[in-house]
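Notes follow once the structure below has been shown.
Readers should treat all values here as calculations from the given coordinates under stated rules, not as data from a laboratory. A quick note: this is a predicted structure, and the numbers were derived from the prediction, not measured. Note that we place each Cβ from the backbone using ideal geometry, even for glycine, and neighbour counts take in every protein chain shown.
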Amino acid sequence: MAKADPSAFVRHIQDELSDLGPVQIDRFFGGWAYAVGDKRFAVSIKDRLYFRVDQALKDALVAEGCQPFTYQKAGKTVVVHRFYEAPLDCLDDRDALLHWAGRAVAADDGELRA
């Protein structure tokens, strides 16, 4: 089975984030993960971008109206509090995207309160 190529959305986000350093993309479940060095800081699933968060970044994203990543399993909604969707307006604003992504790269990998 051939490996799927990244969508135009995934490549666009990778290009927009180039100021963070070399951004690698790799398959991640049904989507793509973004990493700088060995730090995975975001994922893209179904052309939606989610940042890996610590408590401070989670609080900031919630204040922007962002929601955690969710998926359906066995008829139930599973909520992944480690990843929150990027603010939609930052997808069209490179400076804002770099701001949020930079915060995700800097996020502490410690425990996250629910």
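Between the alpha-carbon centres of the stretch 16-30 and the stretch 55-114 there is a gap of 16 Å. Computed from the C-beta positions of residue 28 and residue 89, the FRET efficiency with R₀ = 25 Å rounds to 0.55. With r as the distance between the Cβ atoms of residue 4 and residue 70 and R0 = 30 Å, compute the FRET efficiency 1/(1 + (r/R0)^6) and round to 0.05. Calculated transfer efficiency: 0.85.
Under 12 Å from the Cβ of residue 23, count the other residues' Cβ atoms, weight Lys and Arg +1, Asp and Glu -1, and hand me the total. Charge balance near residue 23 sits at -1. Checking every one of the trypsin sites (Lys or Arg not before Pro) in the stretch 28-114 against DSSP loop status and a limit of 12 other Cβ atoms within 10 Å picks out 46, 113.
Name the shape class, rounded, prolate or oblate, that the alpha-carbon gyration tensor gives for the stretch 59-112, where a ≥ b ≥ c are the square roots of its eigenvalues, rounded holds for a/c under 1.5, and otherwise prolate holds if a/b is larger than b/c and oblate otherwise. Oblate. Looking at the stretch 1-90, the chymotrypsin sites (Phe, Trp or Tyr not before Pro) that sit in a DSSP loop and have at most 12 other Cβ atoms within 10 Å of their own Cβ are 29. Residues 10, 78, 105 in ascending order of nearby Cβ atoms (within 10 Å, fewest first): 78, 10, 105.
Taking amide H positions as modeled 1.01 Å from N, with prolines and chain starts lacking one, no residue 5 or more places away or on another chain lies under 5 Å from residue 7. In this structure the amide hydrogen of residue 28, modeled in the peptide plane, comes within under 5 Å of the amide hydrogens of 33, none closer than 5 places in sequence on its chain. A simple rule links phi to the HN-Hα coupling: the Karplus curve 6.51 cos²θ - 1.76 cosθ + 1.60 with θ = phi - 60°, which for the stretch 57-71 gives 5, 4, 4, 5, 5, 4, 4, 8, x, 7, 10, x, 5, 10, 8 Hz, with x for Gly and Pro.
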